[in-house]
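**Q** What follows is a single structure, and I will ask about it in a moment.
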Amino acid sequence: MRWNRQQYLDLMTFGHAERPMFTELFGPLVGLDAEWRAQGATEAEINMSAFDWDYVPYVFCGGYTGLRGPAPVLLEDTPEIRRERDCLGREMLLLKKTATIPLPQNFPVQTMDDWLKVKPFFTFTPDRIKWDEVEKARQAQAEGSLVVAHIPGAFDIPRELMGEEVACLAYYEQPELMADILGTITDTCMRVLDPISEKLHIDQLMVHEDFAGKSGPMVGPVQVRECFQPLYRKVWDLLQSRGARLFEQDTDGNINPVIPALLDAGLNSIYPMEPAAGMDIVELRRIYGKRLAMRGGIDKHIIRQDRAAIRRELEYKLHPSLRSGGCVFSLDHRIPNGTPIENYRYYVALGREMLGLPPLDPAKTGWARMAM
């Protein structure tokens, strides 16, 4: 079912929700499509459209706040790998048979001098604002689309520049460097989004971090307060004062130790809430109540097991405290390889039944994932 922006915003901000939202966040991992074809899945099932997942159409606000530089240079392209050099000078390697995101093989920044060489790729220039896209966003919003603005992450960008180990140490060992990186990002975000938000109602602010693993986050509450919060709060306070209602962070892993600091920094929504990393959406609702909206939270690994395990997971996760708002029920990341299509069909049908949604109707289709 297609939701409009007002329905979605009301759901996620604990307003009136006509019914729960049940969706798929990402779709299959690389290779699962071949497994499913061998098991008799239809192409409509593989591209997700057969499952009539709930979704809200969204549109980019037209302001580019992150890395902006020359086009990458292709170094090698085979059926197995793709190597290219990006605008930061990093060699990026994509393993085509197992991944969709290329990984950097080296990093350009170790010191302040290194940063100053690439800093121009992050500073403000007027061409970061595409006024034709702003106008298209306004038109799409009038037709029910959610208008979304993005800002660079306070950990994500240092990690992209330095690698995880050096970035983590830089908070302690090179505070001037970290302050200059984050100050540059903040300045660019404000100079891009301030004029846009005067002309366009931005509904949601998004930030990508991915700063945690199973054992916990790679930064603590102190770093969130000292480094994340100045960026987050400055941008969010501006947009919220002009009507924005959602500020969502994308991060995997166990972020339980820093959730209070993230909420103080302005966030009010987080996804995908991975159970394997210790994220329990039912417990989080008990602790944080209406301060925290969530998407995801259903263990993707469970649907590789049996029907009894799938039922137990859904009976727990589709909790009454989450059905009334502030939650989009979904698997917590991509559907893993080894998931039988029959299990997935059962998961969808059972989830719909438990949430009081009608059975799937072949005449109705939802969003379709992009081909990989």
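Bear in mind these aren't lab numbers, they're just calculated from the coordinates by the rules spelled out. Note that the structure is a prediction, hence the values are computed from the model and not measured. Every residue, glycine as well, gets a Cβ built from its backbone with ideal geometry; the counts of neighbours run over all protein chains shown.
**Q** For every helix of n ≥ 4 consecutive DSSP H residues, a contribution of -39,500 (n - 2.57) applies; sum these over the chain, divide by its total residues, and give [θ] at 222 nm rounded to the nearest 500 deg cm²/dmol.
**A** My calculation for the chain gives -10500 deg cm²/dmol from helical runs alone.
**Q** Let me ask something else about it. Please give the per residue volume of the convex hull enclosing the alpha carbon atoms of segment 69-108, rounded to a whole number of Å³.
**A** Roughly 61 Å³ of hull volume per residue.
**Q** Of the peptides 312-318, 99-105, how do they stack up when ordered by the mean number of other Cβ atoms within 10 Å, highest first?
**A** Final packing ranking: 312-318, 99-105.
**Q** Let me ask you something else. Given a Förster distance of 25 angstrom, what is the FRET efficiency for residue 337 paired with residue 103, based on the Cβ-Cβ distance and rounded to 0.05?
**A** Given R0 = 25 Å and the Cβ-Cβ separation, E is 0.85.
**Q** Also, I was wondering about something else. Go through segment 71-83 residue by residue and turn each phi into a ³J(HN,Hα) via Karplus (6.51, -1.76, 1.60, θ = phi - 60°); whole Hz please, and just put x for glycine and proline.
**A** Working through the residues one at a time gives 5, x, 10, 6, 9, 7, 9, 10, x, 9, 9, 9, 10 Hz.
**Q** Moving to a separate point now. Using the alpha-carbon centroid of each, what span in Å lies between segment 230-303 and segment 178-220?
**A** Cα centres, segment 230-303 to segment 178-220: 14 Å.
**Q** If you place +1 on the Cβ of every Lys and Arg and -1 on the Cβ of every Asp and Glu, how big does the dipole about the Cα centre of the chain come out, in debye to the nearest 20?
**A** Dipole of the chain, to the nearest 20 debye: 820 debye.
**Q** OK, next. Do you know the Lys pair count in the chain for C-alpha distances under 24 Å, with sequence separation 8 or more or different chains?
**A** For the chain, the number of qualifying lysine pairs is 13.
**Q** For the chain, with the dipole built from +1 on Lys and Arg beta-carbon atoms and -1 on Asp and Glu ones, taken about the Cα centre, which of 292, 69, 32 lies farthest toward the positive end?
**A** The one lying farthest along the dipole's positive direction is 292.
**Q** Residues with beta-carbon under 11 Å from that of residue 89, excluding residue 89: net charge, scoring Lys, Arg +1 and Asp, Glu -1?
**A** With Lys, Arg at +1 and Asp, Glu at -1, the neighbours total 0.
**Q** Related question: Can you work out ³J(HN,Hα) from phi for every residue in segment 221-237, in order, using Karplus 6.51 cos²θ - 1.76 cosθ + 1.60 and θ = phi - 60°, giving whole Hz and x for Gly and Pro?
**A** Residue by residue, segment 221-237 yields x, 5, 5, 4, 5, 7, 10, 6, 4, x, 5, 4, 5, 4, 6, 5, 4 Hz.
**Q** Quick one: 3J(HN,Hα) in Hz for segment 35-45, Karplus 6.51/-1.76/1.60 with θ = phi - 60°, rounded, Gly and Pro as x.
**A** Once rounded to whole Hz, the list reads 4, 5, 4, 5, 8, x, 5, 7, 5, 5, 6.
**Q** Find how many whole Å separate the alpha carbon centroid of segment 44-75 from the alpha carbon centroid of segment 113-165.
**A** 14 Å
**Q** Of the peptides 219-228, 64-73, how do they stack up when ordered by the mean number of other Cβ atoms within 10 Å, highest first?
**A** Top to bottom by mean Cβ count within 10 Å: 219-228, 64-73.
**Q** Which of the peptides 155-161, 46-52, 89-95 is most tightly packed, and how do the rest follow, judged by the mean count of other Cβ atoms within 10 Å per residue?
**A** My ranking of the peptides, most packed first, is 155-161, 46-52, 89-95.
**Q** Add +1 for every Lys or Arg and -1 for every Asp or Glu among the other residues with Cβ under 13 Å from the Cβ of residue 74, and state the total.
**A** It works out to a net charge of -2.
**Q** For residue 18 paired with residue 78, estimate the spin-label separation in nm (one decimal), with each label point 7 Å from Cα along the Cα-to-Cβ line.
**A** Output for this residue pair reads 5.4 nm.
**Q** What residues qualify as long-range amide H neighbours of residue 253, i.e. H under 5 Å apart, gap of 5 or more or another chain, H built at 1.01 Å from N?
**A** Here 274 satisfy the definition.
**Q** For each of 55, 172, count neighbouring Cβ atoms within 10 Å of the residue's Cβ, then give the residues from fewest to most.
**A** 172, 55
**Q** What are the semi-axes of the equivalent ellipsoid for the chain, taken as the square roots of 5 times the Cα gyration tensor eigenvalues, largest first, in whole Å?
**A** Whole-Å semi-axes of the equivalent ellipsoid: 33, 25, 22.
**Q** Would you list 131, 115 from fewest to most Cβ contacts within 10 Å?
**A** 131, 115
**Q** Among 98, 184, 365, what is the fewest-to-most ranking by other Cβ atoms within 10 Å?
**A** If I rank by nearby Cβ atoms, fewest first, I get 98, 365, 184.
**Q** Can you give the local net charge around residue 9? Use residues other than it whose beta-carbon is closer than 10 angstrom to its beta-carbon, Lys and Arg +1, Asp and Glu -1.
**A** So the environment of residue 9 carries a net charge of 0.
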